[in-house]
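The values are calculated or read from the model by the stated rules, or taken from the named source; none is laboratory data. Remember, predicted model here, so these are calculated numbers, not experimental data. Ideal geometry is used to build each Cβ from the backbone, glycine not excepted, and the neighbour counts take in all protein chains shown.
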Amino acid sequence: MQQQTLQEKRLEKLLREREIIELMVKAFTQSPTEDDKLNTDLAKVTLEHHDRIIRCVKEGKPFIYSYYACAPEIYAAMDLPWYSFLELPFTGALLPTLQEDIDGSDKLFANDLCTIIRVAAYYIEADLVPVPNAIVGLIHPCDGTTILHQLIASNENWRNVPMFAADPPYWDDERSIDYYAGELRRMVSFLEEHTGHRMDMDRLREVIKEGNKQFELWMEYNELRRAVPCPHGYGIGMQMSGVAQGYYVGDPRGTAWLRDLIADAEKLVREKRGKAPKERIRLFWFDVVSLELSFELFPWLEQEWGAVIVMDMFGYCPYTLIDTSNEDAMFRGLAKRALFDEPMIRQARGVAENFLADIRRVIKDYKIDCVVWPGHMGHKDGSASVGLMRETCRELGVPFLHIGMDLFNKRYTSVDEIKNKLSQFFTAMGLG
Amino acid sequence: MQTSIKSRALKEFAEATATLANPAVEEWKRQGGKVVGYFCSYFPEEIATAAGFLPFRMRATGSKGTELADAYLSSINCSFTRHCFNMGLLGEYGFIDGAVCLSTCDHVRRVYDNWKWKVNTPFVHMMSLPKKVEEPQVGWYRDEMVNLKQALEKHFSVKITDDRLWEAIRLHNETRRLQRQLYELRKRQNPPITGAEALSVMVAGTAMPKQQYNLLLRELLDEISQREGNADYKARLMILGGILDDPGYIEVIEEQGGLVVTDMLCFGTKIMWKDVPEGTGDPLAALAQYYIAERPSCPRMFGDYPRRADFVRDMVREFKVDGIIGERLIFCDLWALEHYLQAKESKAGGVPYLILDREYLLAGIGQLRTRVQAFLETIRR
């Protein structure tokens with residue numbers, strides 16, 4: 001009885017999130033628009049994924065925690081159910097308990113620690129998430145992820161859960177790729193040892209080939225976003241990376257979803273139409289387009305200022321295709337993708353030049369009118385690059401704004417304050 | 001707790017700690033010596049020594065503000081990096097011939113990018129520091145040392161031979177042995193040196209030529225080893241944290257009656273509790289093994305927490321510690337959760353633990369005093 005109670009407690013958040021996704025599926029299904037069809041398809045796969053994890057917990061079957069940036073092609077090839085543990089605080093805006101959880105985390109940890117990391121750590125310490133069979137930890141691109149995984153490994157309920165974390169090199173050279181490929185191979189051995197699932201190289205090849213198609217489509221879609229007006233608004237970047245490196249990895253349904261998205265964008269580009277009412281400002285939002293702000297801030301930007309987020313940190317990607325001709329090439333390709341392509345990892349893992357190169361490229365390719373660095377309180381390395389970002393933008397003659405906010409907690413900087421800063425910036429720069 | 005040591009050596013150490021370009025550095029420069037500044041205690045000082053250079057641990061001692069740096073860094077970056085970069089922008093670090101950064105943490109690693117763009121130091125180099133402590137990481141870091149060695153050789157037209165590296169390792173091991181002797185004295189019931197004085201000695205070790213430092217430290221050890229120690233204290237304390245380089249901070253704690261007898265700091269046991277194994281093989285392999293896998297690690301090293309916790313337990317036992325103070329620079333994510341873990345474990349073991357957030361420059365002394373007083377009350381030794 002006690003065991004069941006504990007399991008129920010650990011599943012509660014996942015189940016509540018599942019309920020909300022199910023409601024979204026129902027609502028989208030009743031709507032005939034193309035947008036809602038795309039959203040329905042995504043929500044259905046997310047639901048399916050949640051169900052698989054919930055089943056594993058209830059039936060005692062192996063599943064792991066891992067992340068989009070830890071070569072998810074490998075879990076897909078091993079047919080290993082995986083769940084991104086940081087997804088819960090990330091999608092926290094869907095749950096009514098977010099503020100309560102933030103308050104809970106504040107009682108335990110310093111509140112200058114990234115909210116996502118703090119809330120995740122709180123879930124571990126308060127025993128609010130199911131314990132997996134193994135963990136592939138993420139120890140980059142920030143200090144928060146490193147020490148969060150150390151906390152997980154030290155918690156009394158979790159310390160016996162085997163954990164592997166690939167060590168990220170700081171450089172982008174061949175030596176770094178070889179080193180990280182070696183780490184990924186050690187990760188496979190670890191997963192085979194602790195989950196009973198085996199790696200099938202032929203299956204890995206299939207998954208990567210499907211992934212390559214998705215990355216090609218991602219590139220094709222981003223070409224369409226160069227159009228003026230931009231066919232789609234905010235939020236698509238997060239969805240794109242979610243499809244190509246999330247639960248759709250190696251899944252032909254993800255490829256089909258991307259094709260549908262491209263068809264919709266092509267239609268709008270041909271009609272010289274954008275989803276936003278009237279595009280007046282083309283904006284590069286250089287961070288996460290968080291769910292927490294998706295209901296208030298981003299729609300306001302489009303409606304009030306005609307400011308369209310043409311590109312964001314998660315939507316932009318160098319689209320490395322992986323050579324599948326042999327095992328070594330596949331692991332080196334996965335290493336490159338994990339280090340150089342993955343949103344946020346690609347910018348924040350190494351030198352500041354990675355941020356600057358993205359700014360230069362995106363401004364030129366997407367006819368950007370202004371760059372906004374939200375200055376999320378957890379992104380300390382990025383905020384230590386803010387002067388260099390500003391100078392880079394100045395060289396290109398594009399206005400730059402650094403706000404200073406918490407992307408996941410509106411109490412840090414209120415939405416009204418953020419709106420004020422943006423309005424003052426647009427006005428001062430003569431935009432919109 | 002007032003010092004009563006009237007030692008020439010301690011005076012020189014205190015002076016080296018209270019300034020940047022101290023007399024020893026000035027003399028070194030006058031004789032044409034080169035100085036290589038470094039930003040993290042994982043920097044293999046021995047390589048700089050083997051090149052004939054003076055390794056100098058970067059600090060922001062004497063900084064008055066962060067106005068210039070704030071245009072490049074932000075208010076959520078730690079005050080150590082902001083002050084340090086500000087001093088770089090002000091030209092206070094004109095005496096260094098090279099700067100080496102490591103991918104230590106989210107704040108310090110960005111000093112590299114900003115320094116390279118904005119400060120006119122002739123040689124600026126970055127090392128990729130692994131985040132784990134296993135065999136592949138030792139191999140990776142050895143290669144990083146090869147890159148550093150080659151970069152120094154190329155830029156400064158010097159040759160760093162294996163023989164010179166072994167010689168440097170022996171010299172630095174001697175420093176570490178002497179520093180451990182100093183800590184041995186602190187194990188006494190009445191330690192002959194305060195925590196603030198000991199920190200001065202340790203900081204000076206990163207700002208003076210090692211031969212000169214070792215001579216002075218031997219002199220100090222001779223002077224104080226027979227000395228009557230401090231008996232007037234309420235509790236024996238250990239300090240845990242990162243870059244604490246200001247003895248004034250410990251002075252405030254000791255003025256309240258706590259005697260700091262040991263630590264796990266970047267200017268403390270972390271840099272000297274173990275030696276590099278001396279031998280005749282590959283000196284860089286020996287250094288990589290020491291820096292990554294042997295010495296007490298930083299919280300950035302994933303998977304090594306149990307060894308860090310064991311180290312703290314051993315320190316508490318060996319130094320008869322009554323309570324632990326965990327200091328953290330505000331905005332440091334690593335120490336935020338490391339202190340949480342250490343405090344939980346420490347309290348479960350019956351050792352009180354106080355977490356103090358601080359800014360790099362000593363401020364809020366009144367609040368610090370009150371919190372330490374309250375903490376000492378809870379210890380009630």
### Query
Within region A:384-431, how many residues are surrounded by fewer than 16 Cβ atoms within 10 Å (Cβ to Cβ) and not in a helix (DSSP H, G or I)?
5
### Task
Would you check which residues across region B:188-203 are in contact with an Asp or Glu (Cβ under 6 Å, 6 or more places away or on another chain) and not in a helix (DSSP H, G or I) and list them?
B:T194
### Task
Test B:E135 against the stated conditions and say whether it is within 22 Å of B:S297 (Cβ to Cβ), surrounded by 15 or more Cβ atoms within 10 Å (Cβ to Cβ), at pLDDT 95 or above and within 13 Å of another protein chain (Cβ to nearest Cβ).
no
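Conditions tested, residue by residue: (1) in contact (Cβ under 8 Å) with a residue 24 or more places away in the chain; (2) surrounded by 18 or more Cβ atoms within 10 Å (Cβ to Cβ); (3) touching an Asp or Glu at 6+ places or on another chain (Cβ under 9 Å).
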| site | (1), (2), (3) |
| --- | --- |
| A:T5 | no, no, no |
| A:E12 | yes, no, no |
| A:E19 | no, no, no |
| A:S31 | no, no, no |
| A:D35 | yes, no, yes |
| A:N39 | no, yes, no |
| A:L42 | yes, yes, no |
| A:R55 | no, no, no |
| A:G60 | no, no, no |
### Subset of region A:384-404 [under 16 Å from A:S290 (Cβ atoms) and either among the small types (G, A, S) or touching a Phe, Trp or Tyr at 6+ places or on another chain (Cβ under 6 Å) (or both)]
A:G404
### Query
Is it the case that region B:251-266 has a residue that's on the phi > 0 side of the Ramachandran plot and not aromatic (F, W, Y)?
yes
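Being modelled with pLDDT under 95, among the basic types (K, R) and over 17 Å from B:I239 (Cβ atoms) narrows it down to one of B:R380, B:R295, B:R307, B:R300, so name that one.
B:R380
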### Query
Is it the case that B:D70 is surrounded by fewer than 21 Cβ atoms within 10 Å (Cβ to Cβ) and either among the polar types (S, T, N, Q) or within 14 Å of another protein chain (Cβ to nearest Cβ) (or both)?
yes
#### Entry: All positions within region A:325-340 that are surrounded by fewer than 22 Cβ atoms within 10 Å (Cβ to Cβ) and touching a residue at least 40 places away in the same chain (Cβ under 8 Å)
A:E327, A:D328, A:R332, A:K336, A:F340
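State yes or no: is B:K159 over 23 Å from the mean Cα position of the chain (by Cα), on the phi < 0 side of the Ramachandran plot and without any contact (Cβ under 8 Å) to a residue 40 or more places away in the chain?
Working: over 23 Å from the mean Cα position of the chain (by Cα): yes; on the phi < 0 side of the Ramachandran plot: yes; without any contact (Cβ under 8 Å) to a residue 40 or more places away in the chain: yes.
Yes: the conditions hold for B:K159.
Looking at the structure I just gave you, is A:R118 surrounded by fewer than 18 Cβ atoms within 10 Å (Cβ to Cβ), assigned to a helix (DSSP H, G or I) and at the interface with chain B (Cβ under 10 Å from one of its Cβ atoms)?
No: the conditions fail for A:R118.
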### Query
Hey, among B:T17, B:T81, which residue is assigned to a helix (DSSP H, G or I), free of Cβ contacts under 8 Å to residues at least 40 places away in the same chain and under 16 Å from the mean Cα position of the chain (by Cα)?
B:T81
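Is it the case that some residue within region A:268-276 is within 14 Å of chain B (Cβ to nearest Cβ), part of a helix (DSSP H, G or I) and either over 30 Å from B:C101 (Cβ atoms) or over 22 Å from the mean Cα position of the chain (by Cα) (or both)?
Among the residues of region A:268-276, not one is within 14 Å of chain B (Cβ to nearest Cβ), part of a helix (DSSP H, G or I) and either over 30 Å from B:C101 (Cβ atoms) or over 22 Å from the mean Cα position of the chain (by Cα) (or both), which makes the answer no.
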#### Entry: Matching residues, region B:292-301, being touching a helix residue (DSSP H, G or I) at 6+ places or on another chain (Cβ under 9 Å) and surrounded by fewer than 24 Cβ atoms within 10 Å (Cβ to Cβ)
B:A293, B:R295, B:P296, B:S297, B:C298
### Query
Any residue in region A:351-370 that is outside any helix (DSSP H, G or I) and of a type in the set (F, W, Y)?
yes
### Query
Got a sec? Which helices (runs of 4 or more DSSP H) wholly within region A:1-115 have at least 3 residues that are within 30 Å of A:M201 (Cβ to Cβ) and out of contact with any Ser or Thr (no Cβ under 8 Å at 6 or more places or on another chain)?
A:34-59, A:72-77
